[in-house]
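These notes concern the structure reproduced below.
What follows is calculated from the coordinates using simple rules that are stated; it is not laboratory data. As the structure is a prediction and not an experimental result, all values here were calculated from the model. Here Cβ is always computed from backbone atoms with ideal geometry, including for glycine, and neighbour counts include all displayed protein chains.
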Amino acid sequence: EHHAFQDCEELTSIVIPASVTSIGALAFAGCSSLAHISVAADNPYYDSRDNCCAIIESGSNKLVVGCKRTIIPEGIIRIGEWAFAGASELEELIIPPSVRIIESWAFSNCYDLKSLYLPDNLFYIGQCAFFECYSLEEISLPESLRIMGDGVFAYCESLEALTIPEIGRAHV
């Protein structure tokens, strides 16, 4: 269900059983105390490979839910909409080179996110992907970036340095 556990601030751990076949949008958004996520090994749709503390859609290699202790494993191609929304205490995140797409609102309301390392192969950042990341101070966009949605860094009040690469002549 959409919004199933949204804003359950006391929720610290989740285990996704084999019977779960679908996880709705914003299912765990705003679960600010969430620190441990795992998926049953026999779930045919989702996994939590390498004990990464995230829910990954196995067939598409899309990270759909993360938390403050998530370590994004190599092989992830997309970070889904709202995946880390409201992940309090997430201060630093390294996105591996395999990630090509960060979907809309993926890191919205990650108030404590200070350091973010974007991969050199990143192609797309969706709208409001880092909305209200108040603590984010600086970021360098990779030369591979071709599409960036509206409001990607809206209300990032501490953002002092944004490095935008020269990506060649735009075609109108």
*Quick one: which residue in Ser104, Ser48, Ser98 is closer than 17 Å to Val20 by Cβ and of a type in the set (S, T, N, Q)?*
Ser48
*How about region 1-26: which of its residues are in contact with an Asp or Glu (Cβ under 7 Å, 6 or more places away or on another chain) and hydrophobic (A, V, I, L, M, F, W, C)?*
Ala18, Ala25
_So in region 130-150, with the set limited to residues that are surrounded by 15 or more Cβ atoms within 10 Å (Cβ to Cβ) and aliphatic (A, V, I, L, M), which one is farthest from Ile77 (Cα to Cα)?_
Leu136
